[in-house]
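Undergrad: Handing you this structure, nothing more for now.
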Amino acid sequence: MTTNTQQALPLPSMPSADDWRYDPPQSPWLDLLYSDEHILVANKPSELLSVPGRDPAHHDSLLSRIRAQHPEAAVVHRLDLPTSGLMVVALTMEAQRDLMCQFRERQVGKRYVAVVAGLLSKSQGLIDLPLICDWPNRPRQIVDWERGKPSQTRWQRVSTDVAQGTSRVALEPITGRSHQLRVHLAAIGHPILGDRFYAPGHWQQRAHRLLLHAEWLSFSHPIRREALEFSAVPAF
């Protein structure tokens, strides 16, 4: 477990459904970094769903936008609604099977960047805290030492802003649990700015969105097998 001496902050109250209305960004409609007959890589904006929701009002998503041009498209991983950044999407069943295997076998390289509350005293560390869904408050996740699934995140301090009392960190999720990066950082006392699920009110209000972005993605092309690597600069 990380040796950071900060204490975990108390979880904020769950946001009410009445306080949130799905209003995905319309521009750019689709930000594609790469495409061929097998896959495409897109830069998902914050507040756009990765896949359509059950409610018809939540149909607009990265996948539905892609399917307007590629009806056969299928996701192999997802980003949270407020998280921006890189996603690879399969355009054939063969590509989908291979990419899902790469994710399952942890053969995909992923790096995120976030702005967090507080000044990190160490330059890097490993967060090793088991996570499980907090069912009465789903989709929120919690640390649970008895029932939680093993979850690990490597982090590295990129910079600090003393005047703002914040740190910019690079994050490498070793496992891929739901909300993992958000819960892990909140659990060590450094919630991500703008996080309405895990950051106390003051830190929620410090940003108009969740300051978490999937900035780098690497994997093997599912058909041609060459190594592919993509990056996208965050908007914060």
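The values are calculated or read from the model by the stated rules, or taken from the named source; none is laboratory data. For clarity, every value in this text was computed on a predicted model and none was experimentally measured. We place every Cβ from the backbone using ideal geometry, glycine too, and count neighbours over all the protein chains shown.
Undergrad: Does residue 132 meet the test of being without any contact (Cβ under 8 Å) to a residue 24 or more places away in the chain and of a type in the set (Val, Ile, Thr)?
TA: yes
Undergrad: Sticking with this one: Looking at 25, 82, can you tell me which residue is in contact with a Ser or Thr (Cβ under 8 Å, 6 or more places away or on another chain), closer than 21 Å to residue 198 by Cβ and not in a strand (DSSP E or B)?
TA: The match here is 82.
Undergrad: Of the residues that make up the range 133-140, is at least one under 18 Å from the mean Cα position of the chain (by Cα), buried (at least 17 other Cβ atoms within 10 Å of the Cβ) and not assigned by TED's automatic domain parsing to the domain that holds residue 52?
TA: yes
Undergrad: Could you please find all residues in the range 65-88 being out of contact with any Pro (no Cβ under 7 Å at 6 or more places or on another chain), in contact (Cβ under 8 Å) with a residue 60 or more places away in the chain and farther than 12 Å from residue 40 by Cα?
TA: Once the filter is applied, which keeps residues that are out of contact with any Pro (no Cβ under 7 Å at 6 or more places or on another chain), in contact (Cβ under 8 Å) with a residue 60 or more places away in the chain and farther than 12 Å from residue 40 by Cα, the range 65-88 yields 77, 79, 80, 82, 83, 85.
Undergrad: Tally time: how many residues in the range 137-174 are among the hydroxyl-bearing types (Ser, Thr, Tyr) and without any contact (Cβ under 8 Å) to a residue 40 or more places away in the chain?
TA: 3
Undergrad: Can I ask one more? How many residues are closer than 16 Å to residue 191 by Cα and in a loop (DSSP other than H, G, I, E, B) when one looks only at the range 129-146?
TA: 2
Undergrad: Taking only pairs six or more apart or across chains, which ones have beta-carbon atoms under 8 Å, a first residue in the range 203-224 that is closer than 14 Å to residue 116 by Cα and in the same structural domain as residue 166 (by TED's automatic domain parsing), and a second residue that is assigned to a strand (DSSP E or B) and of a type in the set (Lys, Arg)?
TA: Correct list of pairs: empty, since none qualify.
Undergrad: Also: Quick one: is residue 214 of a type in the set (A, V, I, L, M, F, W, C) and surrounded by 15 or more Cβ atoms within 10 Å (Cβ to Cβ)?
TA: So residue 214 fits the description; yes.
Undergrad: Among the residues of the range 51-75 satisfying the criterion of being in contact with a Phe, Trp or Tyr (Cβ under 8 Å, 6 or more places away or on another chain) and assigned to a helix (DSSP H, G or I), which is farthest from residue 95 (Cα to Cα)?
TA: Applying the filter and picking the extreme gives 57.
Undergrad: Another question, if that's okay. Taking the conditions exactly as written (surrounded by fewer than 17 Cβ atoms within 10 Å (Cβ to Cβ) and outside the structural domain of residue 38 (by TED's automatic domain parsing)), does residue 151 satisfy them or not?
TA: No; evaluated as a whole, the condition is false for this residue.
Undergrad: Next question. Looking at the range 108-118, can you tell me whether even one residue there is more than 28 Å from residue 228 (Cα to Cα), in the same structural domain as residue 166 (by TED's automatic domain parsing), out of contact with any Asp or Glu (no Cβ under 7 Å at 6 or more places or on another chain) and not in a loop (DSSP other than H, G, I, E, B)?
TA: Yes, the range 108-118 contains at least one residue that is more than 28 Å from residue 228 (Cα to Cα), in the same structural domain as residue 166 (by TED's automatic domain parsing), out of contact with any Asp or Glu (no Cβ under 7 Å at 6 or more places or on another chain) and not in a loop (DSSP other than H, G, I, E, B).
Undergrad: If you don't mind, there's one more thing I want to ask. Can you tell me which residue within the range 168-211, out of those that are assigned to a loop (DSSP other than H, G, I, E, B) and among the polar types (S, T, N, Q), is farthest from residue 147 (Cα to Cα)?
TA: Checking each candidate, the answer is 205.
Undergrad: Would you mind stating whether residue 46 is under 17 Å from the mean Cα position of the chain (by Cα) and not in a strand (DSSP E or B)?
TA: Here the answer is yes, as residue 46 does meet what is asked.
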